[in-house]
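Only one structure is covered here, and it is reproduced in the block below.
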Ligand SMILES: Nc1ncnc2c1ncn2[C@@H]1O[C@H](COP(=O)(O)OP(=O)(O)OP(=O)(O)O)[C@@H](O)[C@H]1O
Ligand SMILES: [Mg+2]
């Protein structure tokens, strides 16, 4: 029986473990926070990432390591990699941890992306504003997630406010992309070099947090899918990648601009559990174990709605046709992802009535922050 060590212990890890149990896999998670979603169902080392004793405890007896969270110290991944296989490669983790490296990689590979400039000092920021123009987005280079560590600059008077908001971190300024839609591509590449691509999914955010994913993306041209796959292929090759990789894009008409990469399973791929022949979680495990990958073909149409800040009543949610519920067991807190619902049906029409119901339930949950949808 193989034991896989996973850095991070959130809901992504929980779903990885759930996908791994039918393959007789065991999991050990390293997660500083007690009571994590993954710790509910698997062994958890609960300690800060700089604890050397925890590193020894974690690595004892694991055959392979991976991540479910990208802001883990890359040194841990490198230390582990001296002894056991670590996938995705630590270089991919290092690249994704710093928006500057990420953008440089896009540039190097000829993948269109928003224009950017360094903004570490006040003078640099002023120069960057001159160069990039407004509107623009100031972002911390490291540590951002769910839209945290970002400020949108619409007019000159926003420059100072954004500067004081994001003090004490390295920053970049990037051009604000007036996108029509946001889409993401999830792919899996195995250590043997086999690759599968899921269809592009369309994503709706509110306050920087993913609220709704429609998959496959409703107005998807084969040319756009092909272009996204070509960009993905370049990234997979350049990073000598194994595992699941997600790329977020801004779509302007038929053009795609890469926003960021995630070297792990991705929230916009949760629909694959019910909505694809093989889930992103199962394929991540197959990929890092060198097993044959499963088909990424969608089964009809799917919609995934994140439950943020509060969870509506379980029975009410499950009464909605086509609904599958995933609750992460986390304490409610504003802006926190507590669970998700996937709807799956043969056609978009069959899905729409259910989606309207779920969106209004998620909107009305006490403390819920609502969901912006295409026509909702
Ligand atoms: N340059 C930009 N132009 C327009 N919108 C943007 C830009 N950058 C970010 N956004 C908006 O903010 C959202 C979050 O940004 P981004 O993906 O960079 O942050 P994040 O904190 O890493 O989020 P997550 O980890 O949840 O994907 C984007 O999905 C998009 O809606
Ligand atoms: Mg993002």
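Considering only residues that are closer than 17 Å to residue 130 by Cα, away from ligand 2 (no atom under 16 Å from the Cβ) and not in a helix (DSSP H, G or I), which ones fall in the stretch 141-174?
If the condition is that a residue be closer than 17 Å to residue 130 by Cα, away from ligand 2 (no atom under 16 Å from the Cβ) and not in a helix (DSSP H, G or I), then 153, 154, 155, 156, 171, 173 are the ones that fit.
Those residues that are out of contact with any strand residue (DSSP E or B) (no Cβ under 7 Å at 6 or more places or on another chain) and away from ligand 1 (no atom under 13 Å from the Cβ), I need them from the stretch 171-207; list them, please.
Scanning the stretch 171-207 gives 190, 191, 192, 193, 194.
Quick check on the stretch 175-199: of everything there that is outside any strand (DSSP E or B) and farther than 30 Å from residue 151 by Cα, which residue is modelled with the lowest pLDDT?
Going through the stretch 175-199, the residues outside any strand (DSSP E or B) turn out to be 176-180, 190-194, 198-199.
Next, only the ones that are farther than 30 Å from residue 151 by Cα stay: 190-194, 198-199.
Details: 190: 98, 191: 98, 192: 96, 193: 93, 194: 98, 198: 98, 199: 98.
Selected residue: 193.
Out of (1) away from ligand 1 (no atom under 13 Å from the Cβ); (2) assigned to a strand (DSSP E or B), the odd one out for residue 126 is which?
Here residue 126 meets the rest and fails (2).
Could you tell me whether residue 143 is surrounded by fewer than 18 Cβ atoms within 10 Å (Cβ to Cβ) and either closer than 30 Å to residue 294 by Cα or more than 12 Å from ligand 1 (Cβ to nearest atom) (or both)?
no
Consider residue 45 carefully, then state whether it is free of Cβ contacts under 8 Å to residues at least 24 places away in the same chain and more than 22 Å from the chain's Cα centre (by Cα).
yes
Residues to consider are 70, 31; find the one that is at pLDDT below 95, in contact with a helix residue (DSSP H, G or I) (Cβ under 9 Å, 6 or more places away or on another chain) and closer than 25 Å to residue 98 by Cα.
Values: 31 fails: at pLDDT below 95.
Within the list 70, 31, the selection yields 70.
Looking at 285, 307, 327, which one is within 16 Å of ligand 1 (Cβ to nearest atom) and under 18 Å from the mean Cα position of the chain (by Cα)?
Going through 285, 307, 327 in turn, the sole match is 307.
For the stretch 202-230, which positions are outside any loop (DSSP other than H, G, I, E, B) and either away from ligand 2 (no atom under 16 Å from the Cβ) or without any contact (Cβ under 8 Å) to a residue 12 or more places away in the chain (or both)?
Residues satisfying the conditions are 214, 215, 222, 223, 224, 225, 226, 227, 229, 230.
Within the stretch 1-31, how many residues turn out to be assigned to a helix (DSSP H, G or I) and within 22 Å of residue 83 (Cβ to Cβ)?
Count: 3.
One residue is enough: does the stretch 297-318 have a residue meeting the conditions touching a strand residue (DSSP E or B) at 6+ places or on another chain (Cβ under 9 Å), surrounded by fewer than 21 Cβ atoms within 10 Å (Cβ to Cβ) and closer than 18 Å to residue 9 by Cα?
no
Please enumerate the residues belonging to the stretch 329-352 that are touching a residue at least 60 places away in the same chain (Cβ under 8 Å), part of a loop (DSSP other than H, G, I, E, B) and within 16 Å of residue 201 (Cα to Cα).
Answer for the stretch 329-352, where residues must be touching a residue at least 60 places away in the same chain (Cβ under 8 Å), part of a loop (DSSP other than H, G, I, E, B) and within 16 Å of residue 201 (Cα to Cα): there is none.
How many of the residues making up the stretch 176-194 are surrounded by fewer than 19 Cβ atoms within 10 Å (Cβ to Cβ) and either touching a helix residue (DSSP H, G or I) at 6+ places or on another chain (Cβ under 6 Å) or under 21 Å from residue 238 (Cβ atoms) (or both)?
Final tally of qualifying residues: 4.
Can we say residue 113 is part of a loop (DSSP other than H, G, I, E, B), in contact (Cβ under 8 Å) with a residue 24 or more places away in the chain and within 15 Å of ligand 2 (Cβ to nearest atom)?
On the way: part of a loop (DSSP other than H, G, I, E, B): yes; in contact (Cβ under 8 Å) with a residue 24 or more places away in the chain: yes; within 15 Å of ligand 2 (Cβ to nearest atom): yes.
Yes: the conditions hold for residue 113.
Within the stretch 129-140, which residues are outside any loop (DSSP other than H, G, I, E, B) and touching a strand residue (DSSP E or B) at 6+ places or on another chain (Cβ under 8 Å)? Reasoning before the result, please.
At the first step, the residues of the stretch 129-140 found to be outside any loop (DSSP other than H, G, I, E, B) are 129-132, 136-140.
Those that are outside any loop (DSSP other than H, G, I, E, B) and touching a strand residue (DSSP E or B) at 6+ places or on another chain (Cβ under 8 Å): 129, 131, 132, 136, 137, 138, 139, 140.
In the stretch 315-328, how many residues are without any contact (Cβ under 8 Å) to a residue 12 or more places away in the chain and touching a helix residue (DSSP H, G or I) at 6+ places or on another chain (Cβ under 8 Å)?
Selection size over the stretch 315-328: 0.
Quick one: in the stretch 247-271, of everything that is near ligand 2 (Cβ under 10 Å from one of its atoms) and assigned to a helix (DSSP H, G or I), which residue is surrounded by the most Cβ atoms within 10 Å (Cβ to Cβ)?
Among those that are near ligand 2 (Cβ under 10 Å from one of its atoms) and assigned to a helix (DSSP H, G or I), it is 268.
Are any of the residues in the stretch 355-363 at pLDDT below 95, surrounded by 15 or more Cβ atoms within 10 Å (Cβ to Cβ) and either at positive phi or part of a strand (DSSP E or B) (or both)?
no
How many residues does the stretch 152-170 contain that are within 21 Å of residue 101 (Cβ to Cβ) and touching a strand residue (DSSP E or B) at 6+ places or on another chain (Cβ under 8 Å)?
3
The values are calculated or read from the model by the stated rules, or taken from the named source; none is laboratory data. In this text the structure is predicted, and so the values were computed from the model without any measurement. Note: ideal-geometry Cβ built from the backbone for every residue, glycine included; neighbour counts use all protein chains shown.
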